[in-house]
Structure formats: structure tokens, C-alpha cells
Amino acid sequence: MSTDRYPLMFSPLDLGFTTLKNRVLMGSMHTGLEEAPNGFVRQAAYFAERARGGVGMIITGGVSPSSGAGPGAKLSTGAEADQHRIVTEAVHAADPDVKICMQILHSGPLARTPDCVAASSVRSRIGAYTPNELDEAGIEQQLADFANCAALARAAGYDGVEIIGSAGYLLSTFLVEKTNRRQDQWGGSFENRMRFPVEVVRRVREAVGPDFILIFRIAAMDMLEGGMAWDEVVSLGQAIEAAGANIISTHFCWHEAPVPTIATMVPRAAFTRVTGRLRKALGIPVITSNRINMPDVAEAVLARGEADLVSMARPMLADPELVLKAREGREDEINTCIACNQACLDHTFTGRLTSCLVNPRACYETELVYAPSLQPKTIAVVGAGPAGLAYATVAAQRGHKVTLFDAANEIGGQFNLARRIPGKEEFNETLRYYRRQIQVLKIDLRLGQRIEAGPLAAMGFDEVVIATGISPRTPQVEGINHPSVVSYIDVIMGRRPVGQRVAIMGAGGIGFDVAELVSHSGPSGALDAEVFAREWGIDFDNHPRGGVTGVIPRVAASDRSVTLMQRKADALGKGLGRTTGWTHRTLLQRRGVQMMAGVDYLKIDDAGLHTLVGGEPRLFEVDTVIVCAGQTPLRTLHDELLASGQASTLIGGAFEASELDAKRAIDQASRLAALV
């Protein structure tokens, strides 16, 4: 047991009428299961797996208190409460000591309906419609709906509710002047602007009684120009406490705020100091969150007195047994959240079912099952990149005897490139996880071996899986072999020098990564909270309105002239992740990286890169041309095996290399290994 290593994390928290068994909770995250067919059964499996994994409390995804109030999930009738019992009973059966609270979410102006409502008729930058201003009768109805929803949650077997009063949803629109232009008792002074959320809490407490957990999620730093001032945050927290909340949960930013708070470029525990400051002004426990993904980070936050409870949402997608592994001293076996957002938040905000890049079972627990094999086989996996690692570990977990080959001297494949990009240091954690799994599962790892078809076929494996990855595509451009031309792999690995005037051919994900690498100077913001704050214009020390008002972002200018270009006429970065792409574009623009679309490459010579831009000739006088022009599958071994009569299965980039996609590769490999 490792409770000695994490004494604070594993200490109970007495709320008076009930006790939380430890200080780690699975934070709210809308997954899409809430609205999916058979969704309650699937949620039951999803949450029960996390309950067995050792977490002290679970907060569900958002549930609306009325029709048209936000996400499709709603709780306003007794019949709906009966369905929720499937979830609460599954969690309590998995571990009676785990508390499960339902988040009540009214999306307000972010609801995708023309009937959406808010404090005032102010359209959100990311909203689909201009909201309707609530009148007195509408406000009274909302108050009644919140109270009714909370009472039904109690009837459904939940241990509590969380009311979200942040992120640009309904309650938060009353708090900020830019979205509350009212002149009645619900607007004007901050005392009036906070009246509605405070009254929601009071009504909910009245409806559920004293022995029910009531959490309020507050925007402790909303990252908005003209957002809440610090004294307003404190006043709100104190008023919410007085109205009957048991716990305050701190949130950072509205969804429309131009500051990243959850991307991999954000330092671990970057915002917990704000929670710690608020904690000193309150008399009830406080939750902190955002980029806390390992037990040592959680323990350090608690030790600094920055919170009473630590919320981990995405980390519980990545590894439902995170807390259990910490308790048992198996931290090196934790499948760490790398904050890539590719399968979780990018899916959520585009209407797809949430999952996890490093754990494709997340939200698919009822269909992607790693059951022990009834007929264990000997399996060769060639290629130790993301797809090969996923296949090998899932197959070995199921009882197959796996031999994993790779010509390189280390595992990782394309992840070994990604982890070298400033801001993507978390990718090291995934490789650490797989290294440990190879040991635990006794996979026969053979590095530095370029296996050929004949010897491989002669070994007599029952199954051969080819995960040999990709080869960078070489565009057919005159002068492509000029000394100034280098491949992105050589640049990332540091095998070729890069000059001061750089053109990057290709603006997909790799092109953006290379631009980040060659334009970067100084420490990585992901590893240095002060650098991160400077780059994004956050003032943690003085906390101006929203934490950002009047603060000018300061990004270290690149000492290189860099142009990122693509053939397509579309805007650069269009294919990047929904929740992170804008952050990459913003940083590169602030460093002075030029982005050009619609570029036709003519030739490369001593003068530089000759092109047509918009049909007009243009010479880029560069000394380095970095080629990021896509990839082709490496299938030579597969083809040779096929020619000799030996069957093999293609996975990952060897199967499809249209754009390097670790999410797709790991998901495909895991699903195939679950069936072998």
C-alpha cells in the first residue's frame, strides 16, 4: 500500500452527515452516453468501473433541469429519475463508499435551440443563437426547475448534485457585466448580478434537505476581458456557502475564452494557486481541477494547501484504476492522460461519443471487452509504435504469448517524434506506461531487429500483425534532393541542422509541430507555469478582472524566419483538433510564423523555394526547406509475407497513413486484439 506516499490524498473528508473516503473525485465530463441508445446501462458500466478503481466521488456529465436547457439528457420527471437509478445502483454496488453526484447543467446561451435563454440577449461568441432574456416569470420557472431536478436526483439515488455556475452557461451569464445588462434586481451591482445563482443554491438546498451533498462550480478565474474581479469571486463564494453549499468547485475560463486551460501545452496544476487563494476566504471544502493527471501532482496540490479535494476528469477516462494503482504502489502502471483532447473534448464539442486516445475502452466498456482468451496463441507484432504497442499489450493482457519486434532501439514510433515537440512532453508518459506494461505482461520485446519475411514465417507464429508504420512522402518537385531540403523526421530528431530562413512544405498536424519546434526558443510553457502565463496573458499574482484584463501576452519571438505553407487553398490548421487547433495557430502567429495557403511548389535551388502563390510566381529565399508532405504506408513486409503464403494483419499507419492518427491507430489495434 502506498497511502504513506500520499497521506493527504488518501485521507477521508468529513462533511458532517457523510464522509468521502479520499480526496480524489472524478470530475464532471459530458460524454454523449447521456443521450446514447441504451445510455443509462452504458453509463452504469462506465461509472462502476471508475468506482471500483478507487475514486472517492464521481460527478456525472451535465443533466438539464428542463427541456431545451442544454444537453439532451434531462431530469424533470419521476420516470426519468427511475432511469437514473440504473447508474446510481451500479456505482453503489461497485463500492458502497463511493459517492456519486449529478451535475445540473443549464446551458443558457450555449443551448442549441432558438429558445435558449440567458440573463440578457447577448450572443456568445460560440453560441448558435442569440438568447432570449429571461423575464421575472422565466426566472421563477428556472429556480423551480433547478429545485425539482435536485429533488429528483436525490430520489434517483444520487448522493448529491453539482450546480455549474461557470463556463458561459446560464448562471454565469448573470455574473458578468458583458452578458448581464439588466437594470432590475437581477442586474446592475454585483450583489444583484449574483442574486440568481445564489437563489438557485438556496432553493436547491431547501428541496433536498440538509443531508445531501451540494456542490457549486464557480469560475474562480474566467479568463475574460472584463470578467469577474477577485473580490466578486470571493463575495460569490461566500454567498454560495451561506446559501447552503457543502463544497465549492473551482473552474477556470468560459468556453469562449481565448486562453487554453486543458490542452497538453498547459502546465500541470497550472491554476491551483487560484483555488488556494479562494480557499482561504471560505469555510467549506474546495475542489481544484485542470491538468492534474498523476497522484504525485494531486498530493503536492493538497500539501500546498491549495485545495481540499482534487478533481480528475480526463485522467479517469485514460485510466479508471488511477487511484487504486496509486494506493497499491503501481504508479508506473498508470495510463496517464496526455491532455491531447482528440477523443474526449474534440468529440464532445462535435457531437460524437467521448472516448480516450490512450484508452479506447473509455465509454465503450460494454462493447470493447478484453476477456481472457479461451485459446491462447503465439503472436508476432512487428512495429512498436502506438498501434503495435496497443495490440501487443491488449493481446498479452488476454493471455496470448506476444513477441514484439522493432528495428529501432526504443519503442514509440511516431510518439518518439511527438514527445520532442515543445508542449507535448506528456507523450513521454504514454511510452513509460507501455514500457512498464511490456514488463508486467511479459511481452518478448526485441528491439534493434529488422525482421524479414522468411525468418519471421519460419518462426511459426499463430498470428502475425504488421504495424510497421509509415514512410514520409517525397513530393515530386524539381530539386527535391537539394542540400537545403530536409525531412521532418531528421529535423525533429536533431539529425540535420536548420537554418535561419525556413519554409515548411505541408501544414497538417506534423507541419504545425515542426513549426512549433523550429520557432520555439526558451523553456516550454508546458513545463514552466510562468512562461505559460506570459504567453497567454494571465496575471495570477494581481488577478485583474477575469485574470487577463489589460494583460498583453508576451511570446518569445523566434530568431528564425519561418513560413508554413500548403497546396490547399483552405485556411491552415483546419484539420487540427477542435479544442486545441486554435492554440497552435495563435502561438505561431504571435511568434511571427507566416502561414500561406494555395502554394504550388515549382522547384528548389540555391536561390530558395520557387512557387506560385495565387497564380503569381514567388521566390522564398530560404536556406532550409522542411518537407512535411504526408506519409505512405510501409507495407513491404506484409506484401512479402503475402507473396510467400503467410497471412498477416495490417494495423496503424501501415494500414492507413492519410494523416498520422494515433487515436485511430490505438483504437483499431485494441479492437482487433480484443477479438484475436
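Before moving on, here are some points about what is shown:
- Options Ser124, Ser107, Ser172; residue that is touching a residue at least 60 places away in the same chain (Cβ under 8 Å) and under 21 Å from Val234 (Cβ atoms): Ser172
- Residue match in the range 21-31 (condition: in the same structural domain as Gly165 (by TED's automatic domain parsing) and without any contact (Cβ under 8 Å) to a residue 24 or more places away in the chain): no
- Pairs with Cβ under 8 Å, 6+ apart, first in the range 608-621 and under 19 Å from Val593 (Cβ atoms), second in a strand (DSSP E or B) and of a type in the set (Phe, Trp, Tyr): Gly608/Phe620; Leu609/Tyr601; Leu609/Phe620; Thr611/Tyr601; Thr611/Phe620
- Looking only at residues of the range 453-485 that are over 30 Å from Gly399 (Cβ atoms), of a type in the set (Val, Ile, Thr) and surrounded by 19 or more Cβ atoms within 10 Å (Cβ to Cβ), we find that the one that is nearest to the chain's Cα centre (by Cα) is Ile470.
- Elements of the type helices (runs of 4 or more DSSP H) sitting completely within the range 94-198 and holding at least 1 residues that are over 31 Å from the mean Cα position of the chain (by Cα) and charged (D, E, K, R): these cover 136-155, 190-193.
- Residues (of a type outside the set (S, T, N, Q) and touching a Phe, Trp or Tyr at 6+ places or on another chain (Cβ under 8 Å)) located in the range 95-110: Ile100, Cys101, Met102, Ile104, Leu105, His106, Gly108, Pro109, Leu110
- Filter pass, Tyr169 being of a type in the set (Phe, Trp, Tyr), in contact with a Cys (Cβ under 8 Å, 6 or more places away or on another chain) and modelled with pLDDT of 95 or more: no
- Some residue of the range 76-95 being in contact with an Asp or Glu (Cβ under 6 Å, 6 or more places away or on another chain), crowded, with 21+ Cβ neighbours inside 10 Å and under 30 Å from Gly138 (Cα atoms): no
- Candidates Val465, Val491, Val477, Val498: the one that is in contact with a Phe, Trp or Tyr (Cβ under 9 Å, 6 or more places away or on another chain) and not assigned by TED's automatic domain parsing to the domain that holds Ala669 is Val477.
- From the options Thr611, Thr579, Thr563, residue that is within 28 Å of Leu345 (Cβ to Cβ) and of a type outside the set (A, V, I, L, M, F, W, C): Thr579
Per-residue answers, yes or no, for (1) out of contact with any strand residue (DSSP E or B) (no Cβ under 8 Å at 6 or more places or on another chain); (2) small (Gly, Ala, Ser):
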| position | (1), (2) |
| --- | --- |
| Ser64 | no, yes |
| Ala81 | yes, yes |
| Ile86 | yes, no |
| Thr113 | yes, no |
| Ser121 | no, yes |
| Glu136 | yes, no |
| Glu140 | yes, no |
| Ala144 | yes, yes |
| Gly160 | no, yes |
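- Hey, Gly54 within 23 Å of Phe216 (Cα to Cα) and either in a loop (DSSP other than H, G, I, E, B) or modelled with pLDDT of 95 or more (or both) or not: no
- Any hit, the range 616-631, residues being at pLDDT below 95, closer than 23 Å to Pro472 by Cβ, within 38 Å of the chain's Cα centre (by Cα) and among the small types (Gly, Ala, Ser): yes
- Selection count where residues are under 29 Å from Arg268 (Cα atoms) and touching an Asp or Glu at 6+ places or on another chain (Cβ under 9 Å), scope the range 388-411: 2
- Residues in the range 411-458 that are within 21 Å of Ala657 (Cβ to Cβ), among the charged types (D, E, K, R) and in contact (Cβ under 8 Å) with a residue 24 or more places away in the chain: Arg420, Lys424, Arg450.
- Residues of the range 265-284 satisfying the condition of being within 17 Å of Ile538 (Cα to Cα) and not in a helix (DSSP H, G or I): Met265, Val266, Pro267, Arg268, Ala269, Ala270, Phe271
- Scanning the range 258-284 for residues being farther than 30 Å from Ala147 by Cβ and out of contact with any strand residue (DSSP E or B) (no Cβ under 6 Å at 6 or more places or on another chain) gives a total of 16.
- Arg304 among the basic types (Lys, Arg), modelled with pLDDT of 95 or more and either crowded, with 23+ Cβ neighbours inside 10 Å or farther than 18 Å from Leu13 by Cβ (or both): no
- Meets criteria (in the same structural domain as Gln142 (by TED's automatic domain parsing), surrounded by 23 or more Cβ atoms within 10 Å (Cβ to Cβ), more than 20 Å from Glu140 (Cβ to Cβ) and hydroxyl-bearing (Ser, Thr, Tyr)) for Tyr158: yes
- Subset of the range 596-611 [of a type outside the set (Phe, Trp, Tyr) and part of a strand (DSSP E or B)]: Met596, Val599, Asp600, Leu602, Lys603, Ile604, Asp605, Gly608, Leu609, His610, Thr611
- Selection within the range 519-551 - under 30 Å from Pro483 (Cβ atoms) and either without any contact (Cβ under 8 Å) to a residue 12 or more places away in the chain or crowded, with 22+ Cβ neighbours inside 10 Å (or both): Ser519
- Residue pairs whose Cβ atoms lie under 8 Å apart, sitting 6 or more positions apart in sequence or on different chains, and linking a residue in the range 301-312 that is in the same structural domain as Gly27 (by TED's automatic domain parsing) to a partner that is assigned to a helix (DSSP H, G or I) and of a type in the set (S, T, N, Q), are Val301/Thr272; Arg304/Thr272; Glu306/Thr272; Glu306/Thr275; Ala307/Thr272; Ala307/Thr275.
- Among (1) more than 36 Å from the chain's Cα centre (by Cα); (2) touching a residue at least 24 places away in the same chain (Cβ under 8 Å); (3) surrounded by fewer than 15 Cβ atoms within 10 Å (Cβ to Cβ), the one test that Leu641 misses: (3)
The values are calculated or read from the model by the stated rules, or taken from the named source; none is laboratory data. This is a predicted model, so every value here is computed, not measured. So basically every Cβ, Gly included, is an ideal-geometry build from the backbone, and we count neighbours across all protein chains shown.
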